[in-house]
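Here's the structure, in structure tokens; my notes come after.
The values are calculated or read from the model by the stated rules, or taken from the named source; none is laboratory data. Bear in mind that the values here come from a model prediction, so they are computed numbers and not experimental data. All Cβ positions, even for glycine, are placed from backbone atoms using ideal geometry, and neighbour counts span all protein chains on display.
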Amino acid sequence: MLSRKVSSFRQRLAAVGETTIIDFSLLGQLDQVSDSEAGKVFRVFIRGHVRDLICRVMAQEVSLLCGPKHLPTGGDKFRSGSSTGRIQIDGKREEIIRPRLRQRTSGSERPKAAAKK
């Protein structure tokens, strides 16, 4: 029954004309669980991908501000390790490791957040 649902889902995506990459490991997992558990498996899958997307966006922003890792631009912002943070996905809080940036000001170094005050 689930494979019919997946097939129907693919047909609807094709009808809309969207290009979609479906992770076949997810489809394999969904085929192995009952219909009642499929929603839970799908939500866990989506939560993981949203979390991954957020981390990638943060890493890209740091690269734009500071330059690529190990090749600093020499600007006023630089990498300063990482820190734990929290994000809320699907109503649940999850801890993540977020990059820290610092800003050089008049020869001293201050956290970027402190520079905004």
Could you please find all residues in the range 34-67 being within 15 Å of K92 (Cα to Cα) and among the charged types (D, E, K, R)?
K40, R43, R47, R51
Collect the residues in the range 58-78 that are modelled with pLDDT of 85 or more and among the basic types (K, R), keeping them in residue-number order.
K77
Could you run through the range 58-105 and say how many residues are of a type in the set (A, V, I, L, M, F, W, C), exposed (fewer than 10 other Cβ atoms within 10 Å of the Cβ) and in contact (Cβ under 8 Å) with a residue 24 or more places away in the chain?
0
Check the range 71-82 and report whether any residue there is among the hydrophobic types (A, V, I, L, M, F, W, C) and in a helix (DSSP H, G or I).
no
What single numbered condition from (1) of a type in the set (S, T, Y); (2) touching a Gly at 6+ places or on another chain (Cβ under 9 Å); (3) modelled with pLDDT of 80 or more fails to hold for S82?
(2)
Quick test of your reading of the structure: C55 fulfils all but one of (1) within 19 Å of P99 (Cβ to Cβ); (2) in a helix (DSSP H, G or I); (3) among the hydrophobic types (A, V, I, L, M, F, W, C); (4) modelled with pLDDT under 85. Name the failing condition by number.
(4)
